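Would you mind keeping the following structure in view while I ask a few things?
Rule-based calculations on the coordinates, nothing more; no lab input. Here the structure is a predicted model, which means the values were calculated and not measured. Every residue, glycine as well, gets a Cβ built from its backbone with ideal geometry; the counts of neighbours run over all protein chains shown.
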């Protein structure tokens, strides 16, 4: 990492924050998908919801990782 | 999923009005754009502030990093709101009304009552916007003095008419010898 580490924004701390955020979102995604598979009530929108959710969540994770690597 | 009885079919599914969901989502979208306000801080001031933190050169990547984390949080919140909107329904069948109350994940209450239990149905539409785009509250009272309310439901008068027509149909069937 090119920038001099400070206590609040050192790469290690940022990496820990990133890992925690991805784990939380991942856990949340599993709960969300499970819930929609169980109670989704059918219909096109309900069937598409998990896929749309996962796609956007994955894009945001990739975005966060790329921005972390760019620091 | 709702388990239907033998010979039971769904007549109508009522949800909250889309406008209420869109307005809540709009608030989330504003929160998503909130970090962009940092770019409105005049350059010399922002440089002075962030130079103290030793992050002046990495300001933009850091902002993007925290922004993406913020978006992840908001996306999870949006999923919760969507679940609340889409799974909070009244299912009207030819036998009964099934009230599914969804409050976030893992907080789901399902009640049902038959049409012959209905004593009274009221519709309340208050406000200009509610009148124009048709949303309001439908309240049903049962013989056991229970009250079932659906706030912000789309087309409340249509919902009430559907329920009452099924109610009358069931009543007339019972009257037949």
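Measure nothing but the geometry: give the 0 to 90° angle between the long axis through the Cα atoms of A:44-70 and the longest principal axis through the Cα atoms of chain A, rounded to 10°.
10
Sticking with this one: Relative to 2.2 N^0.38 Å, what does the C-alpha radius of gyration of segment B:31-177 come to as a ratio? Two decimals please.
On the way: Rg = 25.4 Å, N = 147, 2.2 N^0.38 = 14.7 Å.
So segment B:31-177 has a normalised radius of gyration of 1.74.
Let me ask you something else. How high is the relative contact order of chain A, given as a whole-number percent (alpha carbon pairs under 8 Å, six or more residues apart)?
With pairs under 8 Å counted, the relative contact order is 43 percent.
Moving to a separate point now. For a footprinting-style exposure proxy, rank B:142, B:93 by other Cβ within 10 Å, fewest first. Don't skip to the end; give the middle numbers.
Details: B:142 17, B:93 21.
Least to most surrounded, the residues fall as B:142, B:93.
Moving on. With r defined as the distance between the Cβ atoms of residue B:74 and residue B:175 and R0 fixed at 51 Å, what FRET efficiency is calculated, to the nearest 0.05? Before the final figure, lay out each step's value.
Working: r = 55 Å, r/R0 = 1.08.
For residue B:74 and residue B:175, the calculated efficiency is 0.40.
Hey, how much of the P(r) for segment B:24-83 falls beyond 13 Å, as a percent of Cα pairs?
Details: 1171 of 1770 pairs.
The calculated P(r) of segment B:24-83 puts 66 percent of pairs beyond 13 Å.
Over chain A, one equal point on each Cα, no solvent: what is log10 I(q)/I(0) by the Debye formula at q = 0.14 Å⁻¹?
-0.55
When chain B is treated as a GNM, springs tying every alpha-carbon pair under 10 Å, which of B:91, B:22, B:138 comes out with the largest mean-square fluctuation?
Judging by the Gaussian network model, the answer is B:22.
If you don't mind, another one. For a footprinting-style exposure proxy, rank B:109, B:134 by other Cβ within 10 Å, fewest first. Display every interim value, and only then the final one.
Numbers: B:109 9, B:134 16.
Placing the least packed residue first, the sequence is B:109, B:134.
OK, next. Mind checking the angle between helix B:43-52 and chain B's longest principal axis? C-alpha axes, 0 to 90 degrees, to the nearest 10.
Helix B:43-52 sits roughly 80 degrees off the main axis of chain B.
Of the residues B:163, B:125, B:41, which exhibits the maximal mean-square fluctuation in a Gaussian network model of chain B defined by a 10 Å Cα contact cut-off?
Largest GNM mean-square fluctuation: B:41.
Cα axis of helix B:59-87 to longest principal axis of chain B: angle in degrees, 0 to 90, nearest 10?
Roughly 0 degrees between the two axes.
By count of other Cβ within 10 Å, fewest leading, how are A:53, A:34 ordered?
Taking fewest neighbouring Cβ atoms as first place, the list is A:34, A:53.
What nm value, rounded to one decimal, do you get for the distance between residue A:45 and residue B:133 when each label is placed 7 Å out toward the C-beta?
1.4
If I histogram all Cα-Cα distances within the protein assembly as shown using bins 5 Å wide from 0, what percent of pairs lands in each bin?
1, 5, 11, 12, 13, 11, 10, 8, 7, 6, 5, 4, 3, 2, 1, 0, 0, 0
Another question, if that's okay. When Cβ neighbours within 10 Å are restricted to other protein chains, what is their mean count per residue of peptide A:22-28?
On the way: counts 2, 0, 4, 5, 0, 1, 8.
So the per-residue partner count for this stretch is 3.
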